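Below is one structure, written out as structure tokens; the observations come after it.
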Amino acid sequence: MASQDVVHYDTPLQKALRVSAALFLAVYLIWTLLPFVIMFVSSFKDLLEAFNLPDVGDWSGVGIFFEFTPTFEHYSSLFSEGNFGRYMANSLIAAGGSAIVSVVFGSLAAYSLSRVEFRGKKDLFFWIISTRMAPVVAVMVPLYSIFRTLDLVGTLPGLILAYTTFNLPFAIWILKGFFDNVPYAIEESQMVDGSTRFQAFWSIVPLVAPGIGAFVVLCILFAWNDFLFAAIIGSGGAKTLPVATRELVQPQNIQWGSIMAAGVVTTAPMMLLGLVIRKYLVTGLTMGAVKE
Amino acid sequence: MTDVTNFENKSMLSGAAQLFRAREHSIEVEARPLTDALPEPTIFNPPAPKRYYLYLMAPAIAVLAFISLYPFFWLIVMSLQSVDIGSSEWVGFRNYARLLKDPNFLSGWGLLLKYSAMCLFMQLAIGLMLAVIVNNHRYEKYLVTALLMPMMMAPAVAGLLWLFLYNGTFGWYHWILQSLGILDSASILASQSTSMYAIVFVDVWQWTPLITLIALAGLKKVPRDQLEANMVDGASPIRNFFAITLPNLYPVLLIAILLRFMDNFRFIDHILVLTGGGPGNSTKILPVYLFEVAFKFFKLGRGAAIALTLLIVTIVLGMILVRVFDKPQSERK
């Protein structure tokens, strides 16, 4: 850090750069955070108040945004008339179920993939990751036709299975990285002490537990935020929050207040979860290719 | 000793005792006649047979085969059929032949490339700039937390939110764009010439933070000694950035680009919500067109043919990605 202790004399160019960087950051932050503010505030607004806008070009009239009497009507109507409690439970079961299935099966598979060499392992790996990368719409065409013959369309098990198409490969891929970091010597020493092979595996699970926990959360996040699978495979019996939110858009009469409230309900839990696993986010979202 | 007879009995059961050797050993050793030499301690836990690991792998592979391999072959079968609700008939390669004459199919690819290129360019430019600004900033932790907010939102909800913000009569972003003189009174979604920008902006809004995060992770690993050596040689910070920092970032940026490019194929939620491919066909990128064919008109056979072309391209992209992944960390820096 030595170079930073030296007093800097900025040239005018550097000064200009510094100012424009700060300005850029400020503008970007406003642009990126304003939608959240608008969503949050609008969810407390009366239908008419939400439509208030200043005249075009009248920047001083922005204050009109905050002129409203807060109402919880949208939230209460979501749950009383809109059945959102049910959709929320659906979302939770589908996302949680697929996360658990993926991580349980995934960690077993990841563990053994990390411990054994065999011919065709590379190909197996490629198959696994390409399953994760495949476009959801393309996967859904055959899956829909298969699920229809099995009567899985519109059911929660069907939706859980559908989410597993992207969560399981994800879990295998990421968790293998974790197990690779645990030396085999630990299991060996456990087995010398007389534990069985499975007990030995169980003894290293605590070492990877924080990672596994974070990836359960990430799997939940991916599944919770999904729209396509839920809209087609979950349609009818297993409506999740994003789909229910989308359905508030009626051609005649768009319930913007309710939509914004539903948006808050859908987004807020995931934001909190995202902050909790902040440390693993980059690793997770880049499939383990980039580590912080 | 009364145990002796007992011991004789036990040695007859040695076959069974063998199974529990590790436990029995310490007690029995004293009573053993000297002639009955201890068996050479073989390795107690020889390297697990591969079979054992295959058993552990089996459930995951079975599930994966059912939800990925089987559907893939089914997809190929479907693409050779004309599938309607409840019935299907073989049509050979007619689905594919029709694709070549389908203007929406060809323009779908074009639009997908255009959309991806626009998204990637903007995300890369903005994301990189942000990463450089935020890196070692006094409030880095808080800034990063604020930046990554949009990524947590369901893309469909993001689409709905922006549908509200873009609205021509009461949308705040419409008002801002209009007040800045960029737009006239028609909504950005209403015109064929601007609707593509509308969906690009939403994607940029949501996923630029990912590029920023990836670039930040890369920035932390730029070797400090190189930077300092360059500065001692009298290079300006700007020169330093282009000569040292950026080349060091290339590998992570390549990963970021590939991931985002594939995600542009994967996520069409916000497009379905915002424009549904319209107005006209101006935002009907290939996955959206596929969605329309397969799940609006339920032409699953034709949809399968489109899906197969899409999958093949993704698989090729995936091969490139895995090759990048496979490089050992040391090479990637």
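Among the residues making up the range B:268-306, those that are under 13 Å from A:Met140 (Cβ atoms) and among the aromatic types (Phe, Trp, Tyr) are B:Phe291, B:Phe295, B:Phe298. Answer yes or no as to whether A:Leu48 is part of a helix (DSSP H, G or I), facing chain B (nearest Cβ under 7 Å) and open to solvent by 40 Å² or more (accessible area, probe 1.4 Å). No: the conditions fail for A:Leu48.
Going through A:Gln190, A:Gln199 one at a time, which residue ends up being free of Cβ contacts under 8 Å to residues at least 24 places away in the same chain and surrounded by 19 or more Cβ atoms within 10 Å (Cβ to Cβ)?
Within the list A:Gln190, A:Gln199, the selection yields A:Gln190.
The single condition among (1) of a type outside the set (S, T, N, Q); (2) under 30 Å from B:Val77 (Cβ atoms); (3) surrounded by fewer than 17 Cβ atoms within 10 Å (Cβ to Cβ) that A:Pro142 does not meet is (3).
Out of curiosity, is A:Pro54 facing another protein chain (nearest Cβ under 10 Å) and at pLDDT 85 or above?
Here the answer is no, as A:Pro54 does not meet what is asked.
Kindly establish whether A:Ala162 is under 17 Å from A:Leu285 (Cα atoms), among the small types (Gly, Ala, Ser) and assigned by TED's automatic domain parsing to the domain that holds A:Ser102. Spelling it out, it is not the case that A:Ala162 is under 17 Å from A:Leu285 (Cα atoms), among the small types (Gly, Ala, Ser) and assigned by TED's automatic domain parsing to the domain that holds A:Ser102.
This table checks each residue for (1) more than 20 Å from B:Ala158 (Cα to Cα); (2) in the same structural domain as B:Met152 (by TED's automatic domain parsing); (3) open to solvent by 10 Å² or more (accessible area, probe 1.4 Å); (4) within 24 Å of the chain's Cα centre (by Cα).
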| site | (1), (2), (3), (4) |
| --- | --- |
| B:Leu254 | yes, yes, yes, yes |
| B:Ile257 | yes, yes, yes, yes |
| B:Asp263 | no, yes, yes, yes |
| B:Val288 | no, yes, no, yes |
| B:Ala294 | yes, yes, no, yes |
| B:Phe298 | yes, yes, yes, no |
| B:Gly303 | yes, yes, no, yes |
| B:Thr309 | yes, yes, yes, yes |
| B:Ile315 | yes, yes, yes, yes |
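Of all the listed residues (B:Phe298, B:Phe325), the sole one being outside any loop (DSSP other than H, G, I, E, B) and either under 26 Å from B:Val83 (Cβ atoms) or modelled with pLDDT under 90 (or both) is B:Phe325.
Among the listed residues B:Asn248, B:Asn240, which satisfies the condition of being free of Cβ contacts under 8 Å to residues at least 24 places away in the same chain and either part of a helix (DSSP H, G or I) or outside the structural domain of B:Met149 (by TED's automatic domain parsing) (or both)?
From the options B:Asn248, B:Asn240, the qualifying one is B:Asn240.
Scanning the range B:160-180 for residues that are out of contact with any Phe, Trp or Tyr (no Cβ under 7 Å at 6 or more places or on another chain), in a helix (DSSP H, G or I) and either on the phi > 0 side of the Ramachandran plot or more than 8 Å from chain A (Cβ to nearest Cβ) (or both) yields B:Ile176, B:Leu177. Among the residues of the range B:192-214, are any part of a loop (DSSP other than H, G, I, E, B), more than 22 Å from the chain's Cα centre (by Cα), surrounded by fewer than 23 Cβ atoms within 10 Å (Cβ to Cβ) and among the aliphatic types (A, V, I, L, M)? So far as the range B:192-214 goes, no, none of its residues is part of a loop (DSSP other than H, G, I, E, B), more than 22 Å from the chain's Cα centre (by Cα), surrounded by fewer than 23 Cβ atoms within 10 Å (Cβ to Cβ) and among the aliphatic types (A, V, I, L, M). Could you say whether any residue in the range A:252-261 is modelled with pLDDT of 85 or more and open to solvent by 30 Å² or more (accessible area, probe 1.4 Å)? No, that holds for no residue. Scanning the range B:174-185 for residues that are under 15 Å from B:Phe201 (Cα atoms) and surrounded by 23 or more Cβ atoms within 10 Å (Cβ to Cβ) gives a single hit, B:His174. Set side by side, the residues B:Leu274, B:Leu249, B:Leu321 differ, and just one is more than 30 Å from B:Tyr166 (Cβ to Cβ), more than 10 Å from chain A (Cβ to nearest Cβ) and surrounded by 15 or more Cβ atoms within 10 Å (Cβ to Cβ), which is B:Leu249.
Only one entry of A:Ala244, A:Ala230 meets the criterion of being within 22 Å of A:Ala138 (Cβ to Cβ) and crowded, with 17+ Cβ neighbours inside 10 Å, and that entry is A:Ala230.
The values are calculated or read from the model by the stated rules, or taken from the named source; none is laboratory data. Here the structure is a predicted model, which is why all the values come from computation and not from measurement. We place every Cβ from the backbone using ideal geometry, glycine too, and count neighbours over all the protein chains shown. Calculation scope for accessible area: heavy atoms of the full protein, side chains included, ligands and nucleic acids excluded. Shrake-Rupley method; radii C 1.70, N 1.55, O 1.52, S 1.80 Å.
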